[in-house]
Each structure stands twice: as C-alpha cells, then as structure tokens.
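Asks: Take a look at this one; I'll ask things after.
The values are calculated or read from the model by the stated rules, or taken from the named source; none is laboratory data. Quick caveat, the model's predicted, so the values are computed rather than measured. Cβ placement follows ideal geometry from the backbone for every residue including glycine, while neighbour counts extend to all protein chains displayed. Accessible surface is based on the protein model in full, side chains and every heavy atom, while ligands, DNA and RNA are left aside. Shrake-Rupley method; radii C 1.70, N 1.55, O 1.52, S 1.80 Å.
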Amino acid sequence: MSSDSNDKKVIPILPADEAASSAFLYAATPKIYPRTVQGVFAHWRWLGVFITQLVFYGLPWLEWGQRQAVLFDLGARRFYVFGLVLYPQDFIYLTGLLVVSALSLFLFTAVAGRLWCGYACPQTVYSEIFMYIERKIEGDRSARMRLDAGDYSLEKGVKKTYKHIVWLGFSIWTGFTFVGYFTPIQVLAHEFMTLGVGPWEAFWVFFYGFATYGNAGFMREQVCKHMCPYARFQSAMFDKDTLVVTYDAERGEPRGARSKKLDLSQSSLGACVDCSLCVQVCPTGIDIRKGLQYECIGCGACADVCDEVMDKMNYPRGLVKYSTENAVTEHWTHSQTLRHVFRPRVVVYTLIVWTLIAAMFVSLSMRPPFKVDVERDRKSLAREVEGGMIENVFRLQIMNASETPQRVHIQADGLPGLKVLTDPDLVVDAAQSRWVVVRLQVSIEKVSPGSHPIHFEIDGQDSTAVVIEKAVFIVPR
Ligand code: SF4
Ligand code: SF4
C-alpha cells in the first residue's frame, strides 16, 4: 500500500456484517430494549430533549402584541417571527438560514461527530420521550422483555393499551402543535374543542401525529439506520481528529469476566469486564467494542454505563469515551486532544458560520419597513388618451413589513415629463399589504414608439426608506 493511502484521514466506517445485512433485508429485525442509563451524556441528552420541546410546544402559544409571535400564515403569504413580518420576497433569509444550518452541521460533525443525531434530532428526542413513557408503564428493559415474551394476560393488555393511549395522546398533541405554527393555535384549539376544525387542518394534525407515533413508537432506530441519509455521508465529514464515541481496545482487551478483587496489574485481562451493558443501553443495538459503525448516533449511553461499571470495579473511567482516533493511538492527554480538535478546518467553518449570521442580522436590521412589487395591468395595455398623451397602467403591491402603519409617496421617473395620475400618497396598515392601481402618462411628442425602461420610487414618509422598482413603459406605434 502506498504511503499516500496510509495518510488518508477519513476513518473507515465498518460496514454491517454482510450475512447479517442480507438477513435484515428478509427477516424481521429483532426488537431492541434499551436499558435505562444515568450519567453525564444522559443528562445532556435530556437537556436537549427539554430545550427543543420547550421551544417546539411553547413557541406557538407566545403572543407578540395582538398576534401569535411565530406564525407562518401560508394563506396570507405572510410569516411572523416576533417583530419581523416576512413576505415570500424575503425567501433569501430562509435560504441564508438553511445555509447556516448546513454549515453548522458540518462544523459540529467535524468537532464531535453526530452531535445533532445524539442530542437534538427529532427522531432521537421523540424516541427518548416515547421510551420514557414505555419505561414508566411497562418497566425497565428486563420487565419489558418479560412482558413481551409472556402470554397474553390482563396485566399485559392493560399495560399495552395504556401505553398506546398515552403515546397516541402525545402524538396528537405534537401534530396539533405543528399545525399551530401555520394556523393561529388559539383558534385551532377552539375549533378542536367545538369540533369545528377544517379538513386540511385535521388531516395535518393526524398525519403529523401518526408520523410521530410510528417513527418514535415503532420505527425508532430503523429510521436512523435505513431512512436517514445523514448516517450515510457522515464518514466524509469525519477525520482522525473528530471526537467520536470510542472504545479503548488497547486498555480493554483481552476482555473477560473477573472478580472485583482481581488485581488488574497482575492479570493478563484488560479493563473490559465483558458485562455487555454497553450493548444493552445502545438505542441502535450495536456493540461499540467492534469499532465505529454507521449505526452509532453518538449518544454516549455506552460511555455513561461503562463509566458506572468502571466505578464499581474501581478502575479509571473512560474505557468508552468521546475521543479521537489520533488521541487513542498517540495516547494524547485531554488538552492535547482538544487542541487538535480545534483544527484549521473547524476554525474556517466557525468563521464562515459567524460571518453569515452577522450578515443576516445586518441585512435584517437594515431592511426597509415596506416592500413593493410592480405588475403591468393586463386589462389595460398602453393606449393614447386625451390631450396627446400615452397612458400605461401598473399595479403596485405595497407590503408593510413592520408593526406600524406606513405612509408612502409614489413617484415615477425615467421619461421626460412622466406624470403619476393616481393619488401618490397612501397609507398601508401594520403588517398588511395593499394593491394600488397607478396610471402613468407621458406626452406623445416626447417619446418614440417602443419600450422604455422607467422606475418607480416609493418613499417612506415615516422613515428614511426609499424603494426603487424597475418597470417598462410601452409607447404603441
Ligand atoms: S460496558 Fe464497558 S466493561 Fe461492560 S462490556 Fe461494555 S466496554 Fe466492557
Ligand atoms: S454505540 Fe454508544 S454512542 Fe453509539 S449509538 Fe450505541 S450507545 Fe450511543
């Protein structure tokens, strides 16, 4: 093998065992019963669940003045985000947000692998909540396995029914909240209580609820393994300095059961007691001791439980831990590892992300309080009118993107003696848009036949904003 290929930095992600993969295609996948785990990463995961769900369920109920603080009103083509009133013409900000999100994903993945998957992805978060409900009703791993393996009984029927009722209730609430971002949630709640909900709203509430119930209650790790594309291209974003959940094989092997009293320094055994707890807590059912696998969502549950085992055995923690491939092979200290994690690639991603965020904030803060769209009036083409004048009619949509009424003044320029015949002063109510028909005239003697570029200038009377929109004035032959 050439030295070039030896220097390649991408960590190979082990393919699933071939025989097992083919079997998976045809056989039912065994159900996974993850064991409860406590520890640092479990706390971080629950913090992720708490923050994301507080935002998701709480945000639609927040009021901003007389309206919902965050509302994507598709019917009115208007999006409210606290003090911002956005129109479809502001699509550039959504594009910017998507670019920032994608780059942030690259950044977090370069630093610590699948951080998003392990702590904030809706699939992880809802699976965690559904498993919590399951544990509260059916008990921990062994109790659930016994219950599933046992014959049908009244206790089993009651527990299963109760679990599914709670899951369904939670799912419907999730679907309701989702729709509450697109329809005022208080109106929606009233419609639900009075059974007056519209067909589309009902469809989306139940569709989203059903997707939550299916994905978090039944599909769980199958979504991560077989449906999520992110798991497939993650290896391209990892290198030997990416923090990933790693089993320290040099320290752990040869693994084996032993007495707690065994002096490890006098034994040929490694630190792994082969308790298999790391496999039992894994939500995707893999064995981290086989190396980095694409199914690993980086949740750290195996690291938490292994630390508990190490504590019980009086061994140092960290047999399974977040570390980098280089740190493990080079035996780096914690600070040496971190120094290498914050490498040039990470610094460049960070700079790009913050530059984009700053640019978006500056652009949003300098945004004029109103927007204008110009359309030619199709019913009234260019025509000659009294007094030797040529008239063109336009329709202007003036969109107030602020929370206060806006007074505007319309002018047109670009041809000698171009006159605005419509009342040039008008008021557009807060967060509303208004169509106005504008007639322009020019003396036939001052223009030649053909198309002439002109522009509308709309001046804000309550601000210094000036919006200029191009148009074409047609003079018939
Ligand atoms: S939890 Fe730790 S000690 Fe137990 S099998 Fe896994 S790696 Fe070995
Ligand atoms: S191997 Fe460990 S970190 Fe990866 S998914 Fe399983 S428990 Fe989570």
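Asks: Rounding to the nearest 10 and keeping the result within 0 to 90°, find how far the Cα-based axis of helix 301-313 lies from the longest principal axis of the chain.
Replies: Helix 301-313 sits roughly 30 degrees off the main axis of the chain.
Asks: Okay, next question. At a 1.4 Å probe radius, carbon and sulfur cover how many percent of the accessible area of region 237-325?
Replies: On the way: 1950 of 3690 Å².
After summing per-atom areas, the C and S share lands at 53 percent.
Asks: Strictly greater than 20 Å: what percent of every Cα pair in region 220-291 meets that? Kindly include the intermediate steps, with their values, before the conclusion.
Replies: On the way: 1234 of 2556 pairs.
Here the tail beyond 20 Å accounts for 48 percent of pairs.
Asks: So for region 108-164, what percent of the C-alpha to C-alpha distances run longer than 13 Å?
Replies: On the way: 1078 of 1596 pairs.
Of all Cα-Cα distances in region 108-164, 68 percent exceed 13 Å.
Asks: Give the value in nm², to one decimal: projected area of the alpha carbon convex hull of region 110-231, averaged over all directions. Could you put the intermediate results ahead of the total?
Replies: Values: hull surface 41.4 nm².
Mean shadow area of the hull around the Cα atoms is 10.4 nm².
Asks: Summing Lys, Arg as +1 and Asp, Glu as -1, what charge do residues with Cβ under 12 Å from the Cβ of Ala149 carry, Ala149 excluded? Kindly include the intermediate steps, with their values, before the conclusion.
Replies: On the way: positive: Lys31, Arg144, Arg146, Lys156; negative: Asp148, Asp151.
Cβ neighbours under 12 Å give a net charge of +2.
Asks: Hey, another quick one. If each residue of separation counts as 0.36 nm, what is the full-extension length gain between Arg251 and Leu94 once their alpha-carbon separation is subtracted?
Replies: Values: separation 157, 0.36 × 157 = 56.52 nm, distance 4.83 nm.
Full extension from Arg251 to Leu94 adds 51.7 nm.
Asks: While we're on this one: Taking 7 Å along the Cα-to-C-beta vector as the label spot, tell me the Tyr162-Ile32 distance in nanometres, rounded to one decimal.
Replies: Distance between label points: 2.7 nm.
Asks: Leaving ligands, DNA and RNA out of it, report the carbon-plus-sulfur percent of the accessible area of region 42-90 at a 1.4 Å probe. Could the numbers behind the result be given before it?
Replies: On the way: 2050 of 2770 Å².
That share works out to 74 percent.
Asks: Working from Cα positions, state the angle (0 to 90°, nearest 10) between the long axis of helix 122-138 and the longest principal axis of the chain.
Replies: The answer is roughly 50 degrees.
Asks: Can you bin every Cα-Cα distance in region 256-393 into 5 Å intervals starting at zero and give me the percent of pairs per bin, rounded to whole numbers?
Replies: 2, 7, 10, 10, 11, 9, 7, 5, 5, 4, 4, 4, 3, 3, 3, 3, 3, 2, 1, 1, 1, 0, 0
Asks: Please give the calculated 222 nm ellipticity per residue for the chain, where each DSSP H segment of at least 4 residues contributes -39500 (n - 2.57) and the sum is spread over every residue; nearest 500 deg cm²/dmol? Please report the intermediate quantities before stating the final value.
Replies: Working: 17 runs with 198 residues, N = 477.
Counting only the DSSP helices, I get -13000 deg cm²/dmol.
Asks: Same structure again: Tell me, what % of the accessible area of region 134-236 is carbon and sulfur with a 1.4 angstrom probe?
Replies: 70 percent
Asks: Cα centroid distance between region 420-467 and region 390-413, in Å?
Replies: Distance between centres, Cα-based: 6 Å.
Asks: What number comes out for the charge environment of Ile129, summing +1 per Lys or Arg and -1 per Asp or Glu over other residues with Cβ under 14 Å away? All intermediate terms of the calculation are to be shown ahead of the outcome.
Replies: Working: positive: Arg45, Arg135, Lys136, Lys163, Arg220; negative: Glu128, Glu134.
In short, +3.
Asks: Same structure, new question: Starting at the first residue of region 167-173, write each ³J(HN,Hα) from the Karplus equation 6.51 cos²θ - 1.76 cosθ + 1.60 with θ = phi - 60°, in whole Hz, x for Gly and Pro.
Replies: 4, 5, x, 5, 5, 5, 4
Asks: Provide the descending list of Cα extents for the chain along its principal axes, expressed in whole angstroms.
Replies: 110, 65, 42
Asks: How many Lys pairs in region 128-272 lie less than 16 angstrom apart by Cα atoms, where the lysines are 8 or more positions apart or on different chains?
Replies: Values: Lys136/Lys156; Lys136/Lys159; Lys136/Lys160; Lys136/Lys163.
Close lysine pairs under the 16 Å cut-off: 4.
Asks: Follow-up. Applying the Karplus parametrisation 6.51 cos²θ - 1.76 cosθ + 1.60 with θ = phi - 60° to the phi angles of region 410-418, what ³J(HN,Hα) value in whole Hz is obtained for each residue in order, glycine and proline being reported as x?
Replies: After applying 6.51 cos²θ - 1.76 cosθ + 1.60, I find 9, 10, 9, 8, x, 9, x, x, 5 Hz.
Asks: Please work out the Kirkwood hydrodynamic radius for region 212-331, using every pair of different C-alpha atoms, and report it in angstroms with one decimal place. Working shown, then result.
Replies: On the way: mean 1/r = 0.0641 Å⁻¹.
15.6 Å is the Kirkwood radius here.
Asks: Return the Rg/Rh value of region 322-477, two decimal places, where both radii are evaluated on C-alpha atoms and Rh is the Kirkwood radius. Before the final figure, lay out the partial values.
Replies: Working: Rg = 27.1 Å, Rh = 19.6 Å.
Radius of gyration over Kirkwood radius for region 322-477 works out to 1.38.
Asks: To the nearest Å, what is the center-to-center distance of region 75-134 and region 266-294, using C-alpha atoms only?
Replies: Computed from Cα coordinates, the inter-centre distance equals 33 Å.
Asks: Rounded to the nearest whole Å², what accessible area per residue is found for the chain with the 1.4 Å probe? Don't skip to the end; give the middle numbers.
Replies: On the way: 26100 Å² over 477 residues.
Averaged over the residues of the chain, the accessible area is 55 Å².
Asks: At 0.36 nm per residue, minus the direct Cα-Cα distance, what do Ser101 and Trp354 gain on full extension? Give it in nm, one decimal, please. Display every interim value, and only then the final one.
Replies: Details: separation 253, 0.36 × 253 = 91.08 nm, distance 1.15 nm.
Going from the current span to full extension adds 89.9 nm.
Asks: In whole Hz, what ³J(HN,Hα) sequence does region 215-226 give by Karplus (6.51, -1.76, 1.60; θ = phi - 60°), x for Gly and Pro?
Replies: For region 215-226, the Karplus-derived couplings read 5, 8, x, 10, 6, 6, 5, 5, 4, 5, 6, 10 Hz, x marking Gly and Pro.
Asks: So, how do all the Cα-to-Cα distances of region 49-196 break down into 10 Å bins, in percent, from 0 on up?
Replies: 9, 25, 29, 22, 11, 3, 0
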